[in-house]
Protein chains: 2
Amino acid sequence: MEEALPKSARRYVGVDIGGTNIRAGVVDSTGHIQGEARRPSLADAGMRAAIARAVDAAAEAIENAGYTVKDISAVGLGVAGALRSREGICIFSPNFADSRGVQILGPFREAFGLPAVMLNDVAVQTLGEHRFGAGRGCSNMVMITIGTGIGGGAIIDGELRIGSTEGFAEVGHMTILPDGPFCTCGNRGCWEALCGRDAIVRRAIGKIQQGNKTIITDMVDFRLASVTPALIAHAAEQGDELAVEVLEETGYYLGIGIANLIQLYNPEILVIGGGIAQAGRWLFEPILRTVRARAHMVPAATCRLVPSQLGDDAGVIGAAALAAREAARLEASRPPTTASADPER
Amino acid sequence: MEEALPKSARRYVGVDIGGTNIRAGVVDSTGHIQGEARRPSLADAGMRAAIARAVDAAAEAIENAGYTVKDISAVGLGVAGALRSREGICIFSPNFADSRGVQILGPFREAFGLPAVMLNDVAVQTLGEHRFGAGRGCSNMVMITIGTGIGGGAIIDGELRIGSTEGFAEVGHMTILPDGPFCTCGNRGCWEALCGRDAIVRRAIGKIQQGNKTIITDMVDFRLASVTPALIAHAAEQGDELAVEVLEETGYYLGIGIANLIQLYNPEILVIGGGIAQAGRWLFEPILRTVRARAHMVPAATCRLVPSQLGDDAGVIGAAALAAREAARLEASRPPTTASADPER
C-alpha cells in the first residue's frame, strides 16, 4: 500500500466554475495557491463543454504548480447553479446553456483518478473564508456575495450547512419589499432585485432620466448602457450627489437584509464579498446605519460585519478546502492499516 | 454506585415558564405526560417569585404522577425570554418584572438535587416537535409559533441550533415591510408587528372604524377592546367579509415571512404552532397562496407546511426532551464504570 503524505504536505485542486470564468488552482494545506490556470466559461456553448475546459484548466494548474496528479489528494469544485452534489449532477444553472442533468464530477474523476466533490459556488466560498479567511476560528458565520445576484452561505456550530436540498441560505430571494421590483425568479421585491448589479444600475439610470445632474453622464459619454456599479462608486468618491444617493438607497436595502440574516442566523461574523462590496464607505455607511436601526437585539450587538479576506480567490481556495474535507472524511472511514492498528492486539 | 434505570424507563420533568402560566409535567421516554401541575406566572410580581412557584409546580407534578425525585433523571425548562442558559441566567424577559440576571436553574438544582437545563421557550418547543411531534425523523425543520409575538426555532442537520448568543431564528423581528408599523423592538415592519396578536386585532379595529360592516361589532357588543383573533376567526367562519379580509391580509404577510424562512433554512418541514395558528383555513389559504407565489425555488417545492402536533403540550414535552438530552450527554461524558470497561484490560 502506498504511504499517505503527512497532512501538512498535502495539496488539493480547487476549481471555481462561474458564468464568465473558470479558475483552477493547486492549494496547499495552509490555503495558499501554488499554481493556477484559467479558461473562459463560454456559457452559451453549454455546460458540458465548459466542464471539459475546467478539467483542462485543472491539469494545467497542476503542471503550473510543478506537480503531477500523484502529488494531489483530491479535487473540489464550486459551481454556480443548483446541484445534486452527491450525484455530481447540475439541476440547473442560469448561466449555462444545456445545464440540466449535466454530470460534473465524472469527467474529473476519470481524468485524474482522484476523489472529486462539489458544492454550489457560494457554499464553497463560505467554506474558504471560514477555513482560511475572515471567518477563521468562528463557530457561526454567514457569508453573502453581492454581484449580479446575491448569494449566501452559512457555517453553523462549526460546519457548513447545505439544508435538505442544497438550498440553505438562498438569501438573494428573501422578500425585502413586498411590492418591490420583479425578480428573475418570478417573485417581487427579492433582495437581489433591489441590490444586485442590475438593480443598482437601474436605480442610477432612473435618477438620470428624471433629469438629475450627475458626472456619470459625462463619464459614460451619455451612453447609459455603459453605467456600472464600479463607475457609480467612482462618481460617489468624487462627491457626485446622484451617485451617493444611489449607493445610499442600495445600502439601505442591503442593511435591511443583513439585519434579517443577523436575527435569523445569530452569527459571530457576517462576511461580505462579491464585486459590489468594493463600493466602499458610500455603501457600508448606510448598511451599518440601517443594521443598527433595524436590529436591536443581542444578535446585532455581538455580530461583526467584515469584508471578505480571500476576495476573488475564495472560490478556488474554498473548493480546495472542500476537497481537503472530503479527503479527511475518506481517511476516517477507511479501515485502519497495519501500521496504525493497536500494537497490543 | 447507584445503578441507572434502563433508558426506556427513565422519566424527566419538563417545565414551561410562560408570561401567563407555568406548567410542569413528568414525561416518560416516549414523550407522554404522566402527571402535571400548574401555577399562574403572576409576571408583575417578578421573576424570582415565579421561579419559586415553578419549583413547587415541578414537585407537585412528580407527586401527581405517583413518583418521587429518585424516579426522575433530570429537569428541563423552557423560559420565555433571552437567556444565558449555560449559566442558568435570564438576561431579560419582556413578560416578567425584575427578570434581569435572575438565576433560574439554581433553585431547581437545590430543590431536587438533579441536573437542570434550560433554553428559551420556542427552542424547547421546537425540540419537542422534533423528538415527539410533527417533525419526528426530519433532519431539517423550522418551527414558528404565532401568538402575542412570533417565535422561531430550527433543527439543522439533526440538531437544535441556538446560534452564537442564543438568538438563532429570532424570526419575529425579521423586517417584512420596511415602512410598516412600529414594533416593540424599535424597528418597523417586523414580522410580529404585522402578524402578532395585537397587529391582527388592530387590523380589524381599523377596518371597523372606517365604517365597514361586520358582525364583529355585535359579537363584542360594540366594545372594540374585546376583539380577539379567535373572535375574528369565528366571524370569518360565519362568512363575515371584514373578518375574512383581516385574516387574508395577515396570511399574506405570514406567507411572505414563511417563504423567506423556507429559502433561508431549506427545511423538509415547517411546523406552525401558537394560538393564532388555530384560525384555520381563512389564514392557511392566503399563507399557502403567498408562499407559492413568493418562493419559486426547489426549497419551496420540497418543504411541507404542517400544524404543530403537540399543541399546548409542546413546551412541557420539549423541556423534558431537553432534560433527556442533557442526561444522555452527562452519561456519555462520564468515565466508564467497572462493568462497562474492557474486560481485557
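The values are calculated or read from the model by the stated rules, or taken from the named source; none is laboratory data. Please read these numbers as outputs of a predicted model, since none were measured by experiment. Cβ placement follows ideal geometry from the backbone for every residue including glycine, while neighbour counts extend to all protein chains displayed. We work out accessible area using only protein heavy atoms, side chains counted, and drop any ligands, DNA or RNA first. Shrake-Rupley method; radii C 1.70, N 1.55, O 1.52, S 1.80 Å.
For the structure I just gave you, tell me whether A:GLU249 is within 14 Å of another protein chain (Cβ to nearest Cβ), open to solvent by 40 Å² or more (accessible area, probe 1.4 Å) and in a helix (DSSP H, G or I). If you could, list the steps in order and put the result at the bottom.
Numbers: within 14 Å of another protein chain (Cβ to nearest Cβ): yes; open to solvent by 40 Å² or more (accessible area, probe 1.4 Å): yes; in a helix (DSSP H, G or I): yes.
Answer is yes for this residue.
Is it the case that B:SER93 is among the polar types (S, T, N, Q), touching a helix residue (DSSP H, G or I) at 6+ places or on another chain (Cβ under 7 Å) and surrounded by 15 or more Cβ atoms within 10 Å (Cβ to Cβ)?
Numbers: among the polar types (S, T, N, Q): yes; touching a helix residue (DSSP H, G or I) at 6+ places or on another chain (Cβ under 7 Å): yes; surrounded by 15 or more Cβ atoms within 10 Å (Cβ to Cβ): yes.
When the stated conditions are applied, B:SER93 passes them.
Restricting the search to segment B:101-134, which residues are more than 14 Å from chain A (Cβ to nearest Cβ) and in a strand (DSSP E or B)?
Within segment B:101-134, B:GLN103, B:ALA116, B:VAL117, B:MET118 meet the criteria.
Go through (1) crowded, with 23+ Cβ neighbours inside 10 Å; (2) facing another protein chain (nearest Cβ under 10 Å); (3) within 19 Å of A:CYS190 (Cβ to Cβ) and name the single condition A:ALA295 misses.
(3)
Scan segment B:124-137 for residues that are over 13 Å from B:GLY274 (Cβ atoms) and open to solvent by 10 Å² or more (accessible area, probe 1.4 Å) and jot them down. Break it down stepwise before answering.
Restricting attention to segment B:124-137, the residues satisfying the condition of being over 13 Å from B:GLY274 (Cβ atoms) are B:124, B:127-128, B:130-137.
B:LEU127, B:HIS130, B:ARG131, B:PHE132, B:ALA134, B:ARG136, B:GLY137, listed by residue number.
Condition test on A:GLY106, is it closer than 28 Å to B:GLU166 by Cβ and either of a type in the set (A, V, I, L, M, F, W, C) or out of contact with any Cys (no Cβ under 6 Å at 6 or more places or on another chain) (or both)? Don't jump to the end; show me each part of the working.
Details: closer than 28 Å to B:GLU166 by Cβ: no; either of a type in the set (A, V, I, L, M, F, W, C) or out of contact with any Cys (no Cβ under 6 Å at 6 or more places or on another chain) (or both): yes.
So A:GLY106 does not fit the description; no.
Picking from B:GLY149, B:GLY167, B:GLY189, which residue would you name as being at pLDDT 95 or above and either among the small types (Gly, Ala, Ser) or farther than 20 Å from A:ALA293 by Cα (or both)? I'd like the intermediate steps shown before the answer.
Values: B:GLY149 fails: at pLDDT 95 or above; B:GLY167 fails: at pLDDT 95 or above.
The conditions single out B:GLY189.
Would you confirm whether or not segment A:303-314 contains a residue that is surrounded by 20 or more Cβ atoms within 10 Å (Cβ to Cβ), within 14 Å of another protein chain (Cβ to nearest Cβ) and of a type in the set (Gly, Ala, Ser)?
Here is the first cut: in segment A:303-314, the residues surrounded by 20 or more Cβ atoms within 10 Å (Cβ to Cβ) are A:303, A:308, A:310, A:313-314.
Retained after the next criterion (residues that are within 14 Å of another protein chain (Cβ to nearest Cβ)): A:303.
Filter once more, keeping what is of a type in the set (Gly, Ala, Ser): none.
No, segment A:303-314 has no match at all.
Please specify each residue of segment A:255-286 satisfying the condition of being within 12 Å of chain B (Cβ to nearest Cβ), hydrophobic (A, V, I, L, M, F, W, C) and out of contact with any Ser or Thr (no Cβ under 6 Å at 6 or more places or on another chain). Walk me through how you get there before you give the answer.
Residues of segment A:255-286 within 12 Å of chain B (Cβ to nearest Cβ): A:255-270.
From what is left, the residues that are hydrophobic (A, V, I, L, M, F, W, C) are A:256, A:258-259, A:261-262, A:264, A:269-270.
If the condition is that a residue be within 12 Å of chain B (Cβ to nearest Cβ), hydrophobic (A, V, I, L, M, F, W, C) and out of contact with any Ser or Thr (no Cβ under 6 Å at 6 or more places or on another chain), then A:ILE258, A:ALA259, A:LEU261, A:ILE262, A:LEU264, A:ILE269, A:LEU270 are the ones that fit.
For segment A:217-230: of the residues being within 27 Å of the chain's Cα centre (by Cα) and in a loop (DSSP other than H, G, I, E, B), which is nearest to A:TRP282 (Cα to Cα)? Don't jump to the end; show me each part of the working.
As a first pass, look at segment A:217-230 and keep what is within 27 Å of the chain's Cα centre (by Cα): A:225-230.
Checking which are in a loop (DSSP other than H, G, I, E, B) leaves us with A:227-228.
Details: A:VAL227: 17, A:THR228: 15 Å.
Among those residues, the one meeting the criterion is A:THR228.
Which numbered condition trips up B:CYS185, out of (1) over 30 Å from B:ARG86 (Cα atoms); (2) surrounded by fewer than 21 Cβ atoms within 10 Å (Cβ to Cβ); (3) within 10 Å of chain A (Cβ to nearest Cβ)?
The one condition B:CYS185 does not meet is (1).
In the list B:ALA45, B:ALA65, B:ALA80, which residue meets the criterion of being in the same structural domain as B:GLY14 (by TED's automatic domain parsing) and surrounded by 24 or more Cβ atoms within 10 Å (Cβ to Cβ)? Walk me through how you get there before you give the answer.
Working: B:ALA45 fails: surrounded by 24 or more Cβ atoms within 10 Å (Cβ to Cβ); B:ALA65 fails: surrounded by 24 or more Cβ atoms within 10 Å (Cβ to Cβ).
On inspection, the qualifying residue turns out to be B:ALA80.
So is A:ALA193 of a type outside the set (Ser, Thr, Tyr), under 27 Å from the mean Cα position of the chain (by Cα) and surrounded by fewer than 19 Cβ atoms within 10 Å (Cβ to Cβ) or not? Even if it seems obvious, please write down each step before you answer.
Details: of a type outside the set (Ser, Thr, Tyr): yes; under 27 Å from the mean Cα position of the chain (by Cα): yes; surrounded by fewer than 19 Cβ atoms within 10 Å (Cβ to Cβ): no.
Taking the combined requirement at face value, the residue does not satisfy it.
Here's a check for you: in segment A:148-160, which residue that is in a loop (DSSP other than H, G, I, E, B) and more than 7 Å from chain B (Cβ to nearest Cβ) is surrounded by the fewest Cβ atoms within 10 Å (Cβ to Cβ)? Write out each step before concluding.
At the first step, the residues of segment A:148-160 found to be in a loop (DSSP other than H, G, I, E, B) are A:148-149, A:157-158.
Retained after the next criterion (residues that are more than 7 Å from chain B (Cβ to nearest Cβ)): A:148-149, A:158.
Working: A:THR148: 21, A:GLY149: 24, A:GLY158: 10.
The residue in question is A:GLY158.
Okay, residues lined up against (1) of a type in the set (Ser, Thr, Tyr); (2) assigned to a helix (DSSP H, G or I):
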residue: A:GLY180; (1), (2): no, no
residue: A:CYS185; (1), (2): no, no
residue: A:LEU194; (1), (2): no, yes
residue: A:ILE205; (1), (2): no, yes
residue: A:THR214; (1), (2): yes, no
residue: A:ILE232; (1), (2): no, yes
residue: A:ALA236; (1), (2): no, yes
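Do we have A:ARG100 as closer than 30 Å to B:SER164 by Cβ and surrounded by fewer than 21 Cβ atoms within 10 Å (Cβ to Cβ) here? Reasoning before the result, please.
On the way: closer than 30 Å to B:SER164 by Cβ: no; surrounded by fewer than 21 Cβ atoms within 10 Å (Cβ to Cβ): yes.
When the stated conditions are applied, A:ARG100 does not pass them.
Can you tell me which residue in segment A:161-182 is surrounded by the most Cβ atoms within 10 Å (Cβ to Cβ), limited to those that are more than 9 Å from chain B (Cβ to nearest Cβ) and closer than 15 Å to A:TYR252 by Cβ?
Applying the filter and picking the extreme gives A:GLY180.
Listed here are the residues, each with its yes/no results for (1) of a type outside the set (Val, Ile, Thr); (2) in contact with a Leu (Cβ under 8 Å, 6 or more places away or on another chain); (3) farther than 30 Å from B:ILE72 by Cβ.
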site	(1), (2), (3)
B:ARG292	yes, no, yes
B:HIS296	yes, no, yes
B:PRO299	yes, no, yes
B:LEU305	yes, yes, yes
B:GLN309	yes, no, no
B:GLY315	yes, no, no
B:ALA321	yes, yes, no
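Kindly indicate whether any position in segment B:216-230 is surrounded by 24 or more Cβ atoms within 10 Å (Cβ to Cβ) and under 22 Å from B:VAL124 (Cβ atoms).
Looking for residues that are surrounded by 24 or more Cβ atoms within 10 Å (Cβ to Cβ) and under 22 Å from B:VAL124 (Cβ atoms), one finds none in segment B:216-230, hence no.
For segment A:135-147: of the residues being in a loop (DSSP other than H, G, I, E, B) and in contact (Cβ under 8 Å) with a residue 60 or more places away in the chain, which is farthest from the other protein chains (Cβ to nearest Cβ)? Give the steps one after another, and end with the answer.
Initial filter on segment A:135-147 (in a loop (DSSP other than H, G, I, E, B)): A:135-140, A:147.
Cutting the leftovers down to in contact (Cβ under 8 Å) with a residue 60 or more places away in the chain gives us A:135, A:138-140, A:147.
Details: A:GLY135: 12, A:CYS138: 8, A:SER139: 7, A:ASN140: 4, A:GLY147: 18 Å.
Once the filter is applied, the top-ranked residue is A:GLY147.
Kindly establish whether A:GLY19 is surrounded by fewer than 21 Cβ atoms within 10 Å (Cβ to Cβ), assigned by TED's automatic domain parsing to the domain that holds A:VAL117, of a type outside the set (D, E, K, R) and farther than 29 Å from A:PHE92 by Cα.
No, not satisfied.
Every residue, every condition in (1) β-branched (Val, Ile, Thr); (2) in contact with a Pro (Cβ under 8 Å, 6 or more places away or on another chain); (3) touching a residue at least 40 places away in the same chain (Cβ under 8 Å); (4) under 21 Å from A:ILE258 (Cα atoms), yes or no:
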residue: A:MET174; (1), (2), (3), (4): no, no, yes, yes
residue: A:GLY180; (1), (2), (3), (4): no, no, no, yes
residue: A:CYS185; (1), (2), (3), (4): no, no, no, yes
residue: A:TRP191; (1), (2), (3), (4): no, no, yes, yes
residue: A:ASP198; (1), (2), (3), (4): no, no, yes, yes
residue: A:ARG203; (1), (2), (3), (4): no, no, yes, yes
residue: A:GLN209; (1), (2), (3), (4): no, no, no, no
residue: A:ALA235; (1), (2), (3), (4): no, no, no, no
residue: A:GLN238; (1), (2), (3), (4): no, no, no, no
